[in-house]
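Asks: One structure coming up, written as structure tokens, with questions to follow.
The values are calculated or read from the model by the stated rules, or taken from the named source; none is laboratory data. Computed from a predicted model, the values in this text were never measured in an experiment. Virtual Cβ from ideal backbone geometry, glycine too; neighbours counted across all protein chains shown. When the accessible area is computed, the model is the full protein with side chains, heavy atoms only, and any ligands, DNA or RNA have been set aside. Shrake-Rupley method; radii C 1.70, N 1.55, O 1.52, S 1.80 Å.
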2 protein chains.
Amino acid sequence: MTNSNLRNIKLLLQYDGSNYSGWQIQHNGTTIQGLLTAALSQIHGQPVKLYGAGRTDAGVHALGQVANFFTNKNLTPPQWQKALNGQLPPDIRVVSVAEVSASFHARFSAIGKHYRYQLCTSATVSPFDYRYYYHYPYALNLAAMEQAASYLLGTHDFAAFATATNKDATVRTLHQLTIISPHPDRLCFQLQGNGFLRYMVRTIVGTLLEVGRQQRPAASIPEILQSQDRRQAGPTAPPQGLFLVAVEYPAESLS
Amino acid sequence: MTNSNLRNIKLLLQYDGSNYSGWQIQHNGTTIQGLLTAALSQIHGQPVKLYGAGRTDAGVHALGQVANFFTNKNLTPPQWQKALNGQLPPDIRVVSVAEVSASFHARFSAIGKHYRYQLCTSATVSPFDYRYYYHYPYALNLAAMEQAASYLLGTHDFAAFATATNKDATVRTLHQLTIISPHPDRLCFQLQGNGFLRYMVRTIVGTLLEVGRQQRPAASIPEILQSQDRRQAGPTAPPQGLFLVAVEYPAESLS
């Protein structure tokens with residue numbers, strides 16, 4: 001299928017990433033994109049390409065992943081939702097469907113993303129929470145973490161907080177990095193920016209946790225950024241605490 | 001080991017029953033009692049018997065299951081908790097441990113139990129909820145369900161609401177059966193009684209849902225009780241919505 005005279009369908013998706021090898025289709029391992037593509041291809045009787053906004057890694061969850069595909073089918077949004085959910089496992093759900101303009105691309109049209117990272121600091125984690133919280137049973141200095149976070153706000157080269165990539169593509173703007181404690185033994189990092197490099201949220205969290213445990217000073221953050229050297233930052237926090245919360249688009253791209 | 005001169009240890013347990021063949025140890029299938037017994041036997045270097053308060057069925061969860069065992073070991077409650085949780089999968093957790101009198105028996109000392117049954121009436125169930133809610137996307141007449149529930153309160157022969165068992169052992173007292181809607185598309189049944197027969201909560205829920213959908217009148221409940229015939233009641237609601245919330249004991253049995 002070519003994209004001319006086809007409808008462009010945008011999907012809002014939620015998934016529990018616990019049982020998947022991430023978003024992006026691959027030869028080994030079951031992926032969210034792979035299952036969605038298989039469902040779409042079955043409905044169309046031919047291969048269908050699906051474009052996702054964020055390539056979430058293995059074990060990472062989504063509350064608001066966005067994807068799009070082009071189709072010659074005349075289904076209504078509720079019919080698409082029903083047809084896809086009928087073929088997907090219950091830990092992947094299409095929560096809404098909309099027809100958008102031909103120029104909309106889930107990844108390239110995105111102008112911002114929201115992520116959340118959750119951790120649990122109590123001695124034991126509930127059987128109902130362990131899939132969604134990083135278990136980190138340590139006392140944390142929240143004020144030091146907040147100071148460290150303040151150095152990351154704004155536009156920086158985040159090469160030190162990501163896996164090795166092309167140097168000139170590692171500048172991002174972080175608009176929000178707040179740390180809230182919704183419960184005495186829970187901590188939640190909320191991040192919003194114009195884009196995130198691979199492992200960037202988890203490396204920021206891993207580094208801020210070292211600050212929280214007084215293993216490195218808050219004031220070391222500017223030096224880490226400056227170094228552009230991944231080895232200077234802290235460890236990559238594990239995937240199960242991470243949620244892609246929402247993807248932002250300019251209003252005109254959706255009409 | 002005989003029980004004389006042994007310590008009697010009481011465990012408070014939580015588990016996500018999704019991946020288990022229920023509480024009770026069996027030859028085929030992994031059970032919660034089986035995993036706990038294996039952990040205890042490994043710690044002791046010999047078989048240890050574990051007594052559970054409620055034999056939750058396959059797929060049923062627990063927020064407050066209670067069990068006890070006798071031991072010659074001198075571990076403190078925090079040491080027991082750590083030793084057991086270290087050997088258990090993350091979907092089964094020992095949340096507290098206490099040494100109790102030799103006469104305490106998790107099942108025979110119990111004087112009451114609390115259960116909760118959760119359902120979701122929206123068109124789709126979130127990937128984070130499907131393990132814990134029965135998906136029932138229908139309009140329900142709550143007032144009719146509440147009227148039906150009122151007939152079940154008190155002391156009755158609940159044979160019609162349980163799997164076939166010895167007739168003279170099917171009288172139970174139901175002290176509470178409330179239906180709350182914590183969210184527009186969620187319904188939660190809360191039950192408290194002196195004891196529950198096998199499938200009793202799920203059969204009560206399945207029957208009340210038929211009343212909610214106007215498939216049977218609320219006033220039919222007394223006749224169903226009277227019949228003592230399981231075929232007169234509604235279907236057994238599926239296990240994933242059910243939680244054993246708490247087990248009650250007389251204060252003196254715990255000292």
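Asks: Trypsin sites (Lys or Arg not before Pro), restricted to region B:89-176: which are DSSP loop and have at most 15 other Cβ atoms within 10 Å? Can you show the working numbers first?
Replies: Working: sites: B:Arg93, B:Arg107, B:Lys113, B:Arg116, B:Arg131, B:Lys167, B:Arg172; in loops: B:Arg107, B:Arg131.
Here the sparse-neighbourhood loop sites are B:Arg107.
Asks: Could you tell me how many degrees, from 0 to 90 and to the nearest 10, lie between the Cα long axis of helix B:32-44 and the main elongation axis, the longest principal axis, of the Cα atoms of chain B?
Replies: Approximately 10 degrees, to the nearest 10.
Asks: Also: Under a 1.4 Å probe, what is the accessible area of chain B per residue, stated in Å²?
Replies: Numbers: 11230 Å² over 255 residues.
On a per-residue basis, chain B sits at 44 Å².
Asks: Please work out whether region A:5-67 counts as rounded, prolate or oblate from its C-alpha gyration tensor, where a ≥ b ≥ c are the square roots of the eigenvalues and a/c under 1.5 means rounded, while otherwise a/b larger than b/c means prolate and anything else oblate?
Replies: Values: a/c = 2.36, a/b = 1.43, b/c = 1.65.
It is oblate, given that a/c is not under 1.5 and a/b is not larger than b/c.
Asks: Output the 0 to 90 degree angle, nearest 10, between the alpha-carbon long axis of helix B:77-87 and the longest principal axis computed from the alpha carbons of chain B.
Replies: The angle comes out near 80 degrees.
Asks: Follow-up question, since we're still on this one. Taking a label point 7 Å out from Cα toward Cβ, give me the nm distances from B:Val171 to the same spot in the other copies, shortest first, one decimal.
Replies: Output for B:Val171: 8.3 nm, nearest copy listed first.
Asks: Ignoring everything except DSSP H segments at least 4 long, calculate the 222 nm mean residue ellipticity for the protein assembly as shown; use -39,500 (n - 2.57) per segment, divide by total residues, nearest 500. Each step should come with its number before you reach the end.
Replies: On the way: 12 runs with 118 residues, N = 510.
Result for the protein assembly as shown, helices only: -7000 deg cm²/dmol.
Asks: Based on the alpha-carbon gyration tensor of region B:52-113, what equivalent-ellipsoid semi-axes (square roots of 5 times the eigenvalues) come out, in whole Å, largest first? Spell out each step's value before the answer.
Replies: Working: eigenvalues 79, 66, 15 Å².
Here the semi-axes work out to 20, 18, 9 Å.
Asks: Related question: Give the shape of chain A as rounded, prolate or oblate, defined through the alpha-carbon gyration tensor: a ≥ b ≥ c are the square roots of its eigenvalues, a/c under 1.5 means rounded, and otherwise the shape is prolate if a/b is larger than b/c and oblate if not. Mind showing how you got there, number by number?
Replies: Details: a/c = 2.36, a/b = 1.71, b/c = 1.38.
Prolate is the answer for chain A, as a/c is 1.5 or above and a/b outweighs b/c.
Asks: Take the alpha carbon atoms of region A:66-93, find their center, do the same for region B:203-255, and report the distance between the two centers in whole angstrom.
Replies: Spelled out, the Cα-based centre of one part sits 37 Å from the other.
Asks: Another question, then. Report the B-A buried area as the accessible area lost on both sides summed, probe 1.4 Å, in Å² to the nearest 100.
Replies: On the way: alone 12020 and 12040 Å², together 22470 Å².
Chains B and A together bury roughly 1600 Å² of accessible area.
Asks: Which cross-chain or sequence-distant (5 or more) residues have an amide H under 5 Å from the amide H of A:Val95, H modelled 1.01 Å from N in plane?
Replies: A:Leu12, A:Leu13, A:Gln14
Asks: What is the ratio of the Cα radius of gyration of region A:1-120 to 2.2 N^0.38 Å, where N is its residue count, to two decimals? Let's see the in-between values first.
Replies: Numbers: Rg = 13.9 Å, N = 120, 2.2 N^0.38 = 13.6 Å.
Taking N as the residue count of region A:1-120, the ratio is 1.03.
Asks: For region A:106-255, what % of the accessible area comes from carbon and sulfur atoms, probe 1.4 Å? Please list the in-between numbers first.
Replies: Numbers: 3410 of 6670 Å².
Here carbon and sulfur together make up 51 percent of the probe-accessible area.
Asks: Would you mind giving the mean number of other chain beta-carbons within 10 Å of the Cβ of each residue in A:87-94, as a whole number? Please list the in-between numbers first.
Replies: Values: counts 0, 1, 2, 8, 5, 1, 7, 1.
Going residue by residue through A:87-94 and averaging, the value is 3.
Asks: Shielding by partners for A:127-134, please: the mean number of other protein chain Cβ atoms within 10 Å of each residue's Cβ.
Replies: Numbers: counts 16, 11, 3, 5, 5, 1, 0, 0.
That average works out to 5.
Asks: Moving on. For the Cα atoms of chain A, what angle does the longest principal axis make with the long axis of helix A:142-152, in degrees from 0 to 90, nearest 10?
Replies: So the inclination is approximately 60 degrees.
Asks: Next question. Based on the Cα coordinates of the protein assembly as shown, what is the per residue volume of their convex hull in Å³? Mind dumping the intermediate values first?
Replies: Values: hull volume 97.5 nm³, N = 510.
Taking only Cα atoms, the protein assembly as shown has a hull volume of 191 Å³ per residue.
Asks: Cross-link partners among lysines for A:Lys10, C-alpha distance below 27 Å, same-chain residues fewer than 8 apart left out?
Replies: A:Lys49, A:Lys73, A:Lys82, A:Lys113
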